[in-house]
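Read the structure below first, then the notes.
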Amino acid sequence: MQIAAPPGSEVQARNFFADALGMTEVPKPVSLRARGGIWFQCGAQQLHVGIEADFSPAKKAHPAIRVHNLSDLRLRLRNAGITVIEDDNLPDAERFYVNDPFGNRLEFLQLK
């Protein structure tokens, strides 16, 4: 999955996705490195943070990332000073939302 970020935001992305969320940074192919951005491994999936010159955050459309221990992630994010937005509107899952440093909405969920 891919989300966008403003130019020069790779360090912020690394701090959020690797340090706060615990994702693993993966190297981009050499042929794509000049475009900027940064990639992360998230379980069996990858999250690509692409650079957009005229960046505008995605506030409605968002990736939903399934996790195995939502409670631990919630605590980890709160301890890092990240606002967690609770949501109980999905009957078969526990979930919450956060905004990345660029204002993109991200959903984290655990199936019941």
Report task. Would you work out the relative contact order for the stretch 54-112, in percent, from Cα pairs under 8 angstrom that are 6 or more residues apart? Result -> 44 percent
Query - Correct option for volume of the Cα convex hull per residue in Å³ [calculated from the coordinates] among (i) 124; (ii) 99; (iii) 175 - result: (ii)
Report summary line: Most fluctuating of S56, S31, S71 in the GNM of the chain (C-alpha, under 10 Å) is S31
Query raised in the report: What number, in percent, do you get for the relative contact order of the chain if the mean sequence gap of Cα pairs under 8 Å and at least 6 apart is divided by its residue count?
Result: 27 percent
Query - Integer Hz, Karplus 6.51/-1.76/1.60 couplings in order for the stretch 18-35, x for Gly and Pro - result: 8, 6, 6, 8, x, 6, 9, 6, 10, x, 6, x, 3, 5, 10, 5, 5, 6
Report summary line: Per the rule of 0.36 nm per residue minus the C-alpha distance, extending E52 to D72 adds in nm 4.0 nm
Requested in this report: Extending each Cα 7 Å along its Cβ direction at A44 and M1, get the distance between those two points in nm, one decimal.
Outcome: 1.5 nm
Query raised in the report: Picking from P57, P29, P101, which is most flexible by a Gaussian network model of the chain using Cα springs under 10 Å?
Result: P29
Report task. Could you tell me whether the stretch 16-56 comes out rounded, prolate or oblate from its Cα gyration tensor? Rule is a ≥ b ≥ c as square roots of the eigenvalues, rounded for a/c under 1.5, then prolate if a/b exceeds b/c, otherwise oblate. Result -> oblate
Report task. Please determine, in degrees from 0 to 90 and to the nearest 10, the orientation of helix 70-79 with respect to the longest principal axis defined by the Cα atoms of the chain, where the helix direction is its Cα long axis. Result -> 60 degrees
Query raised in the report: If the chain between V11 and I82 were fully stretched, how many nm would it gain, using 0.36 nm times the residue separation less the Cα-Cα distance?
Result: 23.9 nm
Query raised in the report: Out of the DSSP beta bridges found with both residues in the chain, what percent are antiparallel (nearest 5)?
Result: 70 percent
**Report entry** Size of electric dipole in the chain: Cβ of Lys, Arg +1 and of Asp, Glu -1, about Cα centre, debye, nearest 20
**Finding:** 180 debye
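Since every read-out is calculated from the coordinates, none of them should be taken as a lab result. Keep in mind that this is a model prediction, so the values were computed, not measured. Cβ coordinates were reconstructed from backbone atoms using ideal geometry, including for glycine residues, and neighbour counts include every protein chain displayed.
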